[in-house]
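A short write-up of the structure that comes next.
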Amino acid sequence: MDTKTIFLPALAMAVLTCVVWLRLFYVRIGQMKRERIHPQSVATSAQAVAKLTESRAADNFRNLFELPVLFYLALVVIAINGLTDTATLTLAWLFVALRVAHSAIQCSYNKVMHRFYAYAAGGAVLWLLWALVGIGLLV
């Protein structure tokens, strides 16, 4: 299997992160215009929390730099060590799909338990991917 294919899920995650980033700007600028919030009045995170009440996209954007960091590292380790196979590629795409679901839920209707199921399933897939990485490195 071509090693480059393992980076396609990383590209998809980068696209997802960009989409959430654009959503964050759209929501934030919209709220600031509607409520006439001066940009300097939200210069610190404490000020932003107090004035910017629509935080779903911002929360999701921050979340895209938590577990996904381990995902990106796993893909690099897989590529460097020639561990790209059907199992690792399938798990990588499954992680991406679950992150898309998580982001869609959090940035829209934000039902906590629905979001939690997507997050927990994505975490389980990530740990399984790392288990395959570990086995591949040890064997």
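Where a number appears in this text, it was derived from the coordinates with a stated rule and is not lab data. Everything quoted here is computed from the prediction, not taken from an experiment. Using ideal geometry, Cβ is built from the backbone for each residue, glycine included, and neighbour counts are taken over all protein chains shown.
For the chain, build the charge dipole from Cβ charges (+1 Lys, Arg; -1 Asp, Glu) around the Cα centre, then report which of Met32, Thr44, Thr88 sits farthest towards its positive end.
Met32
Describe numerically, in nm with one decimal, the distance between label points set 7 Å from Cα along Cα→Cβ at Lys51 and at Val112.
2.8 nm
Among the helices of the chain (complete DSSP H runs), which have Cα atoms covering no less than 15 Å along the helix axis and a Kyte-Doolittle mean of at least 0.0?
Qualifying helices: 8-34, 67-80, 86-107, 112-138.
With a ≥ b ≥ c taken as the square roots of the eigenvalues of the C-alpha gyration tensor of segment 60-139, please select rounded if a/c is under 1.5 and otherwise prolate if a/b is larger than b/c or oblate if it is not?
Here segment 60-139 falls in the prolate category.
Give the cross-link partners of Lys111 among the lysines, using a straight C-alpha distance below 29 Å as the criterion and excluding same-chain residues fewer than 8 apart.
Cross-link targets: Lys33, Lys51.
Answer rounded, prolate or oblate for the chain, using the Cα gyration tensor with square roots of eigenvalues a ≥ b ≥ c: rounded when a/c is under 1.5, else prolate when a/b is larger than b/c, else oblate.
Cα axes put the chain in the prolate bin.
Using mean Cβ contacts within 10 Å as the protection proxy, how do 106-115, 5-14, 37-46 order, highest first?
5-14, 106-115, 37-46
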